[in-house]
Structures are given as structure tokens and as C-alpha cells.
1. Taking segment 202-242 as the search range and keeping residues that are closer than 21 Å to K319 by Cα and of a type in the set (F, W, Y), which one is surrounded by the most Cβ atoms within 10 Å (Cβ to Cβ)?
2. Any residue at all in segment 197-205 that's within 24 Å of N288 (Cβ to Cβ) and not in a helix (DSSP H, G or I)?
3. For segment 62-81, what are the residues that are part of a helix (DSSP H, G or I) and in contact with a Ser or Thr (Cβ under 7 Å, 6 or more places away or on another chain)?
4. What's the number of the condition L74 fails, among (1) modelled with pLDDT of 95 or more; (2) over 18 Å from the mean Cα position of the chain (by Cα); (3) among the aliphatic types (A, V, I, L, M)?
5. Taking only pairs six or more apart or across chains, which ones have beta-carbon atoms under 8 Å, a first residue in segment 49-62 that is touching a residue at least 40 places away in the same chain (Cβ under 8 Å) and small (G, A, S), and a second residue that is surrounded by 18 or more Cβ atoms within 10 Å (Cβ to Cβ) and assigned to a loop (DSSP other than H, G, I, E, B)?
6. From the list A59, A84, which residue is surrounded by 23 or more Cβ atoms within 10 Å (Cβ to Cβ), in a helix (DSSP H, G or I) and small (G, A, S)?
7. Among the numbered criteria (1) surrounded by fewer than 20 Cβ atoms within 10 Å (Cβ to Cβ); (2) at pLDDT 95 or above; (3) part of a helix (DSSP H, G or I); (4) not hydroxyl-bearing (S, T, Y), which single criterion is violated by L298?
8. For L213, work out the one condition from (1) hydrophobic (A, V, I, L, M, F, W, C); (2) closer than 26 Å to D149 by Cα; (3) in a helix (DSSP H, G or I) it doesn't fulfil.
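The values are calculated or read from the model by the stated rules, or taken from the named source; none is laboratory data. Because the structure is a prediction, the values reported are computed rather than measured. Glycine also receives a Cβ, built like all others from the backbone with ideal geometry; neighbour counts cover every protein chain displayed.
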Amino acid sequence: MKNIDVHSHMLPAESIDELGGKIEPVDQGNLYNIKVIGKSVTPVTKGFYDIRERKIEIARFGIESQIVSPTHHLFMYGEDIKKAQRSSRIQNEGIAKICKANPDTFYGNATLPLQDSKISLEELEHAYSKLEMKGVEIGTNIAGKNLDDESLFPAYERLQELNMPVFVHPNDFLGRERLEKYYMGIVVGTLAETTVAVSSILFGGIMGKFPRLKMIFCHGGGAIPYQIGRLKHAIGTRNEFSKSTPDIDKSMKNIYFDTVVFSNSSLSFLVKENGAENVVLGTDYPFNMGNWDSFNDLEKTKEISRREKDLIEFNNVKKLYRL
């Protein structure tokens, strides 16, 4: 194995059926619309729900293995807790089944009904002990609550005890009404969400409270790598930080960003600014705003050394997920 894609999504056909969903062909049958639990997940390739097609497709882009996560459409944080609990369990069991059948190719991130601390911890224990999942995926906000909210502390505490990394994916974008045109919710809303999420973790001193917690943020970390100096400036300048001065540099050692940035120069900057030790390979497969060719893009980037590429493509994720 020479690479692991940390950012990919799946909902097996069996799980779609169990959730009462439908798979509808679009674009003359080349893409699909997944209608499930009141959501529409589209457009996706067949690899979103079919493991055989997924293996064929990712191989075309040089991807050998993946960390598989649910899709943000189905976090269900604002739904009735019983509905969210059932949805989480079905998604987790479906992904775990795929991973157990393909142990050298796929590894699973679990989803949790984080609007309820007690039930989310129960699902976490099930995912870890019974399903043997390697990490969890959470949203950039939990029904409007930022990631420094105290209701999430029990989950953070248990996750660091279990040594399970947290993959953070944008959801419920800020300013949705202003992002309706040009597909801006996905094009730029994701970046804004990630920027706010990382900022809330850093300003809230979450890594100080949970020093063994590891978090992976996608889409290159949004604006954070480019504007980290602005966050440090705020801590030294604003009265809001007079009672606490979170250590940004120390916190950043436990924060990782993926390579979904679509530009070799941006990728080079990300690695230079954040350090290769804290960058991981990602594609956002199978969505069309993903960078499925991330592995080849990284390989072609001359400014990044072979040692750094090995860290990004394999070694960092191997260590994070204990593979």
C-alpha cells in the first residue's frame, strides 16, 4: 500500500435500502441521485453505493485505499434523536461491513448523533467495540453550535481516550440564502464553514483541554493556512482573549488538513505553512467538487520532497488511524 485517501464518502446500497431510500439515474445514467431520509444526495457516481465500481474508479486515479465516511447530508443533527440514532447506526453498520469485507482497502469513520451527548457516546462505543471503526466524522457545526461548545466535551474526552481521530466535514453552511447562486454553498460555503470550525477549536482552547485529540479538516483547511497569522494577532490584541490566551502553535500540532485544493502552488503553500507532518491526502470522492486526482497532483508537485510526499500520502494517516 502506497497511499490512503482520508476524504471519501459512501453509503452502501444495502444501507440505502434499509433507510427506505431510492437510487435514481441522472445524466443519462452516468450519475445518480440518492433520495434517502428526506435528503437528496446528488450527483454521485455508482461508486458511492457500489463497492465493485468504487474499486475500479479509484484505481484509475492511483488511489489504493480509503478512509470511508458518511456524507454530510445525513448527519441529522437537527432531527429527532431517535431518527438520528437509527440513521447513524445503519450508516455505521453499512460502512463497517464494507470495511470488514475489504480490510486492506477500506477503513471506516463513524457518524454520531451529536445533538445528544449520552446517545452519541453509546453509538461511539458501538462503533469502536462492535464495528471496529477507526475514527469518526463530525460536521463543522452541530445544529448551529460551534465545535467549542461544551456539549461536545464528553465525546472529545472519550475520543481521545480511544485514540480515534476526528474527521471534520462542512455542513449546514453559513449564509445559505446568499450562497444559492452559482453553487456557492459547495464552492465557497464549505471553505467558510471549515474556517469557522478551525477557528472555534483554536480560540476555544479545545486542544489544550483535550491534548491527545486529533482533528482532520478537509478542503485544505479553508482560509486557515493563509490567515493563521490573523488569528494569532487577534489573541494578542482583542480584549475577548484577556482571560485566556490559547496557544495556537501548540494546538496546530494536533490539527491536519487534506490536499483538496486543486492547485499545485496552493498545495505547496499548504505543506510549507502547515508542515508535511500535518497534511493528509484527500479526494472528496465521489462528489464532482472533489479533486479525485489529488494523488497524481501531489506526485507532480516538484516543490514537495519525496519524504514529504510519503508522509502526506501514507505515513501520517497510517499513524492517525493506527493501521
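1. By that ranking, first place goes to F217.
2. Looking for residues that are within 24 Å of N288 (Cβ to Cβ) and not in a helix (DSSP H, G or I), one finds none in segment 197-205, hence no.
3. The answer is L74, and nothing else.
4. All conditions pass for L74, except number (2).
5. The qualifying pairs are G62/N3.
6. A84
7. (1)
8. (3)
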